[in-house]
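The values are calculated or read from the model by the stated rules, or taken from the named source; none is laboratory data. Bear in mind the structure is a predicted one, so any value in this text is a computation, not a measurement. Positions of Cβ are backbone-derived with ideal geometry, glycine not excepted, and every protein chain shown enters the neighbour counts.
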Amino acid sequence: MISDERQLMWAVLARAALTAPSQVRSLISQVGPEQAAHMLTTRGTLIEIRGDLRDAVRRDLDRSAASDGYLMTPDDPCWPARRLADLDADHLDTTAPIALWTQGSGRVALSAHNTIGIVGARAATYYGRRVSADIAGELTDRGWTVISGGAFGIDAEAHRAVLAHGGTTIAVLASGLDHLYPHAHTELFAEIATSGLLLSEYPPGTPAAGSQFLARNRLVATLSRAVVIPESGLRRGTRNTVRWAMKLARPVFAVPGPRRSPTSAGCHAMIRDGEAKPVTSSAQILASLTPPTDLTGGSSA
């Protein structure tokens, strides 16, 4: 069992990393997580952190516990170490989260090989919603876990299809888990938490913000073996996730739509530019994936 002091330690590091990610990672590599957390809470470091960090993280942990949340850390046997480690590659202008705030019973799904991301248009058409639901449902029936961002449109249809098929889905959110966004999906998020998982790198009390959505996209990409785009217009959110998938060497699949449909223009552009492989079914997606490797890994601390 992970001690309260260990949880407090990781919560300190996780909150500090939101302000100074590279510096906190460097400090951990130099002195280890225990000493790094001690230095951050006793001002024994040059990293500038606002306010009393220890008091802030105690509030984080209390708020998380009050909503049946759990801080998942590298101490956890389900921690997806190898997948998250991909975000620390030298060629990427990002770092992996130190810890992940979660709600739900599906943490073990994070370390399984059979996870696939489904994202796309928020203003989805009937065609896009149907494609998203069909592919998500078929993947669920084949034992796959679907990861998405909980947004309107394609994301929500994918989550709902998994739930309807009795599967596990993971929603990666761009806010604290006590500030669920979009608010209209509160009931959907509650259903996801019942059998799957809500996940965020942001502590309780954090409202959604524009830059956090783009940061969230890298987690959807790295936690997935592949990313599927059922429908997408020419907007930056979906394309941003696709670009992260490409940087992380995750295969991308896009479903062609009506040739004049603006909500399929993004899929067509991805296919044309070689960013995505065209598919029309889950069978084609799975046939294109290489045999899985063990992605559970050990602690990356």
- Note on the structure: Going through (1) surrounded by fewer than 17 Cβ atoms within 10 Å (Cβ to Cβ); (2) in a loop (DSSP other than H, G, I, E, B) one by one, residue 58 fails only at (2)
- Check every one of the helices (runs of 4 or more DSSP H) wholly within the range 66-173 and list those with 3 or more residues that are out of contact with any strand residue (DSSP E or B) (no Cβ under 9 Å at 6 or more places or on another chain), buried (at least 21 other Cβ atoms within 10 Å of the Cβ) and at negative phi. 126-141
- Query: How many residues are surrounded by fewer than 21 Cβ atoms within 10 Å (Cβ to Cβ), among the polar types (S, T, N, Q) and in contact with a Phe, Trp or Tyr (Cβ under 9 Å, 6 or more places away or on another chain) when one looks only at the range 207-240?
  - Reply: 2
- Task: Output yes when any residue across the range 33-49 is in a helix (DSSP H, G or I), within 16 Å of the chain's Cα centre (by Cα) and of a type outside the set (Phe, Trp, Tyr), and no when none is.
- Result: no
- Just need a number here: residues in the range 174-211 that are among the β-branched types (Val, Ile, Thr) and assigned to a loop (DSSP other than H, G, I, E, B). 1
- Does the range 288-295 contain any residue that is modelled with pLDDT of 95 or more, assigned to a loop (DSSP other than H, G, I, E, B) and out of contact with any Asp or Glu (no Cβ under 8 Å at 6 or more places or on another chain)? no
